[in-house]
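Take a look at the structure set out below.
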Amino acid sequence: MSRYIIRRLIQAVLIIFVITIVTFVVGRAAADPMAAYTNNPRISAEDKARIRHNLGLDQPLPVQYLSWLGGVVKGDFGNSFTTKQKVTDMIAERLPATLILMICALITTVIVSLLAGIYAATHQYSAGDNLITAATFVGFSMPVFFIGLSLIFIFGVGFKAWGLPYLPTGTAVWDQNNPIEWIKHLILPVATLTLIQAAGYTRYLRSSLLDVQHQDYIRTAKSKGLSDRVVLWKHALKNASLPFVTILGLDIALLFGGALVTETIFSWPGIGRLFWEQSNAGDFPVMMAILLIVSTMVVLGQIVVDVAYTFLDPRIKLA
Amino acid sequence: MAVATETLGKSEEITPVAIPTTKPSYSLWGLAFRRFLRHRAAVAGMIGLALIFLFAFGGSLFYTEKYANTPDVLNRLQAPSWLQDPPTWEHPMGTDSVGRDVLARMIYGGQISLIIGFASVLLAVTIGAVIGALSGYYSGSVDSILMRLTEAMIAIPSLFFLIIISKMLIGSVPNISFAGRSLSGSVPIVIFVIAIFGWMVEARIVRSQFMSLKQQEFITAARAIGVKDNNIMWKHILPNSIAPIVVFASLGLATAILTEAYVGFLGLGVQEPTASWGNILNQALSYLNRAFAPIDFIHRGVWWLWLFPSLAIILTVLCVNFIGDGLRDALDPRGLVD
């Protein structure tokens, strides 16, 4: 087991190394940090050369990569092109809002999909099951912005027009010290994320629960005289949760990246929107940092998920 | 299974006439086709997709592309004309922020979105097949390098990466001529960008297929008579792993069309005036984010700018997903795909 984890960690280092190269190549190729000065007649060619030199841009790309990597390893992603702030500070400032949104959405997603998935699997081919299956299919095929815009249109625009109590759609400034305001602003983005995520979770949970139901150990558990409830929650669910845990692990890792589209639609001050805003400004240090942090989380999360498998299903041996 | 096919083969030899008349024998694809036809949702998806194609390509008979791309600022942001007083059919889906007819843009945008979807899947399938084949056939260091690359690409959140790459490539691209039309040069770029993010799962599937197939006797036989590695890979192994590739491609098409929508929605996809379903949606986003936007969005509720393209995308993706599901069941009744 510990040998397995060590081997996976070594592989992970390699993968993250590849990711840093990809990120750097794309980030540097796409961004000329001097682009802001190219059309500025007040800056002479010598000044430009001096700035290039001071920023280390006159060095060969591999050298630039190594110095960037050296900083990244120490947790220093450099400074933003636009605000000149430290990239890590900018991200840290946005992290709480993203974590609140994503954790709330993940909790509701897990609750909704557990209920729906278990209901669908235990009432196979009933009207309720057919409805849930159809809904997951549609949810799977939907772009997240459609749900977001529809919710805004119904609960923000529509309710206001019809004189009903309407929900804020996030475009206004609000009192950030008031927890009730936070909750009000959270409802629509959390609902959007839940609706889109729950489709996948429910679908996987339903099919894996149905698979598990016919296995020997479930029959054994039933013939021991255990109640259906115990068989379901203690025996079947634990085993059927493998695909569920797989996507949960991925989503927990992606948590740190926020939800770019949802945050943009609802003006949520999170990391996804930071990425979007800075991408419009061509602020590559910030974009590269977010990309690298989230990718690293995904790689590490994958290892955690694989180790979690052994606890959920003792038949799995990692070697 | 082996026994069953053997007896079937023998009985075919003994009574060659009786079998085609009473029990027609089918090839793998013939059987798959029959199973596919029994999958009701898949057939519905097929019909739906055909209708969407009819809309997008047949629609050109009613509207010219010039009409779709010509602004008419006096009539900007008109709601669908059948809702107005008096109701007319002049702009059945309303007009956009510069007064272009949304229905005409939906038609020409549909063509572009469908072309992007199919072309990028084709490209992604090719990349995935090559990487998976090399990795599975040669194993060793080639395999570890290619698989680390694959895992790295899987770990990178694709939307973030798509944004960076699109920013990099879609600047001021010149228009290109294609099939007698002048299109924005961003179309091939979007195809390329979507394909870069679509090959990883397929590479893994093809790799596992190659790893198991290369151990089989017909490959040993081919090698024994001196067939070159290249021919073994592409002529002997690849045709045997076509089924999972087809299933992957159909599901990949759904993802590709959705990705085009996301990229277009964010304004980084196909550039105007060329329409795509994605970039019609972008106007809805700009009405949310501009300073004056909330007022416009809330008071005028430009719902027709996002509702119609969204519905077209959802319907297309739904149909393609149904077809993919049907293909999976038809081609792989015992779970060839992991």
Requested in this report: Determine which single condition B:Ile242 fails, assuming it passes every other condition in (1) within 21 Å of the chain's Cα centre (by Cα); (2) under 25 Å from B:Glu151 (Cα atoms); (3) buried (at least 22 other Cβ atoms within 10 Å of the Cβ); (4) not charged (D, E, K, R).
Outcome: (3)
Query raised in the report: Which of (1) within 30 Å of A:Ala259 (Cα to Cα); (2) part of a loop (DSSP other than H, G, I, E, B); (3) among the aliphatic types (A, V, I, L, M) does B:Val227 not meet, given it meets every other one?
Result: (1)
Requested in this report: Would you be able to say whether some residue in the stretch A:216-224 is among the hydroxyl-bearing types (Ser, Thr, Tyr), buried (at least 18 other Cβ atoms within 10 Å of the Cβ) and more than 13 Å from every other protein chain (Cβ to nearest Cβ)?
Outcome: no
Report task. Considering only residues that are within 8 Å of chain B (Cβ to nearest Cβ) and in a helix (DSSP H, G or I), look in the stretch A:271-283 and name the one that is farthest from A:Leu149 (Cα to Cα). Result -> A:Ser279
Report task. Take A:Ala105 and decide whether it is closer than 15 Å to A:Ile187 by Cβ, assigned to a helix (DSSP H, G or I) and away from every other protein chain (no Cβ under 14 Å). Result -> yes
Query raised in the report: Tally time: how many residues in the stretch A:259-270 are within 10 Å of chain B (Cβ to nearest Cβ) and surrounded by 22 or more Cβ atoms within 10 Å (Cβ to Cβ)?
Result: 6
Query - Residue, farthest from the chain's Cα centre (by Cα), within the stretch B:79-125, restricted to residues that are surrounded by fewer than 23 Cβ atoms within 10 Å (Cβ to Cβ) and of a type in the set (Gly, Ala, Ser) - result: B:Ser81
Report summary line: Given the conditions (1) touching a Phe, Trp or Tyr at 6+ places or on another chain (Cβ under 9 Å); (2) in a helix (DSSP H, G or I), every one holds for A:Ala120 apart from (1)
Query raised in the report: Within the stretch B:96-119, can one find any residue that is at pLDDT below 85 and of a type in the set (Ser, Thr, Tyr)?
Result: yes
Report task. Tell me, please, whether a residue that is more than 24 Å from B:Met46 (Cα to Cα), away from chain A (no Cβ under 14 Å), over 33 Å from the mean Cα position of the chain (by Cα) and without any contact (Cβ under 8 Å) to a residue 40 or more places away in the chain can be found in the stretch B:227-237. Result -> yes
Query - Hey, B:Arg105 among the charged types (D, E, K, R) and farther than 28 Å from B:Ile242 by Cα or not - result: yes
Report summary line: Taking the stretch B:164-188 and the residues there that are assigned to a helix (DSSP H, G or I) and either at pLDDT 85 or above or over 20 Å from the mean Cα position of the chain (by Cα) (or both), the one that is farthest from the other protein chains (Cβ to nearest Cβ) would be B:Val187
Report summary line: The residue that is farthest from the chain's Cα centre (by Cα), considering only those in the stretch B:245-285 that are of a type in the set (S, T, N, Q) and under 22 Å from A:Gly148 (Cβ atoms), is B:Gln283
Report task. Give the residues of the stretch B:132-160 that are in contact with a Phe, Trp or Tyr (Cβ under 8 Å, 6 or more places away or on another chain) and away from every other protein chain (no Cβ under 14 Å), sorted by residue number. Result -> B:Gly132, B:Ala133, B:Ser135, B:Gly136, B:Tyr137
Requested in this report: Quick one: which residue in A:Gly257, A:Gly272 is under 30 Å from A:Ala97 (Cβ atoms) and modelled with pLDDT of 85 or more?
Outcome: A:Gly272
Query - Options A:Val307, A:Val299; residue that is part of a helix (DSSP H, G or I), more than 17 Å from B:Ile165 (Cα to Cα) and within 9 Å of chain B (Cβ to nearest Cβ) - result: A:Val299
Query - Subset of the stretch A:231-248 [within 13 Å of another protein chain (Cβ to nearest Cβ) and crowded, with 20+ Cβ neighbours inside 10 Å] - result: none
Query raised in the report: So, in the stretch A:139-160, of the ones that are aromatic (Phe, Trp, Tyr) and more than 8 Å from chain B (Cβ to nearest Cβ), which residue ends up farthest from A:Trp268 (Cα to Cα)?
Result: A:Phe159
Query raised in the report: Within the stretch A:271-305, which residues are crowded, with 22+ Cβ neighbours inside 10 Å and of a type in the set (S, T, N, Q)?
Result: A:Gln278, A:Ser279, A:Ser295
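The values are calculated or read from the model by the stated rules, or taken from the named source; none is laboratory data. Every value quoted in this text rests on a predicted model; they were computed, and no experiment measured them. No Cβ is skipped: glycine too gets one built from the backbone with ideal geometry, and neighbour counts run over all protein chains shown.
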